[in-house]
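Below is one structure, written out as structure tokens; the observations come after it.
The values are calculated or read from the model by the stated rules, or taken from the named source; none is laboratory data. Since the structure is predicted, the reported quantities are computational estimates derived from the model, not experimental observations. Heads up, the Cβs are rebuilt from the backbone with ideal geometry, glycines too, and the neighbour counts pull from every protein chain shown.
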Amino acid sequence: MPDDLDMPPVDALVEAQRLLDEDRPFHAHEVLEAAWKAAPEAERELWRGLAQVAVGITHMRRGNERGAMALLSRAADRIEPYSENPPHRIDVHGIVEGARALAERPEDAPVKLRLTAP
């Protein structure tokens, strides 16, 4: 991923979802991190949380269960406040639920996350 990745939020979600579906969560993290850095102030914590979910999954895949559990829990806490009015059709409820489930029961991995509502 280029350091200067710049894409609209909807495109970032599509690309990050593609990467998650291909079991490339670290690359999805890079896309979401770029969106986080470019996001308006009101959305920054949401995008930061999404990036943390992808990093948490990366840690899980690499055997760092403790680190993954901590990141996924923090990410869910960071994303949850956006549940009232999620921007860009982001499935806040589903992501929070999936991140918490994975943090609480890592033995159930992998968890398929959908970033946007159907």
> What number of residues within region 67-85 are out of contact with any Gly (no Cβ under 9 Å at 6 or more places or on another chain) and touching a residue at least 12 places away in the same chain (Cβ under 8 Å)?
Replying inline: 2
> Going by the structure shown, is Arg89 at positive phi and not acidic (Asp, Glu)?
Replying inline: yes
> Within region 41-48, is even one residue over 19 Å from Ala99 (Cβ atoms), of a type in the set (Gly, Ala, Ser) and assigned to a helix (DSSP H, G or I)?
Replying inline: yes
> Can you tell me which residue in region 6-37 is modelled with the lowest pLDDT, limited to those that are more than 28 Å from Gly63 (Cβ to Cβ) and not in a helix (DSSP H, G or I)?
Replying inline: Asp6
> Is there any pair linking a residue in region 39-61 that is under 16 Å from Asp21 (Cα atoms) to one that is crowded, with 20+ Cβ neighbours inside 10 Å and of a type in the set (D, E, K, R), with Cβ under 6 Å and at least six apart or on different chains, and which?
Replying inline: Ala51/Glu33
> Counting just the residues of region 63-118 that are surrounded by fewer than 14 Cβ atoms within 10 Å (Cβ to Cβ) and at pLDDT 90 or above, which one comes out nearest to Leu20 (Cα to Cα)?
Replying inline: Arg89
>> For region 48-82, give me each residue that is among the hydroxyl-bearing types (Ser, Thr, Tyr) and within 12 Å of the chain's Cα centre (by Cα).
In response: Thr58, Ser73
> Which of the residues spanning region 25-51 are of a type in the set (D, E, K, R), over 20 Å from His93 (Cβ atoms) and buried (at least 18 other Cβ atoms within 10 Å of the Cβ)?
Replying inline: Glu30, Glu33
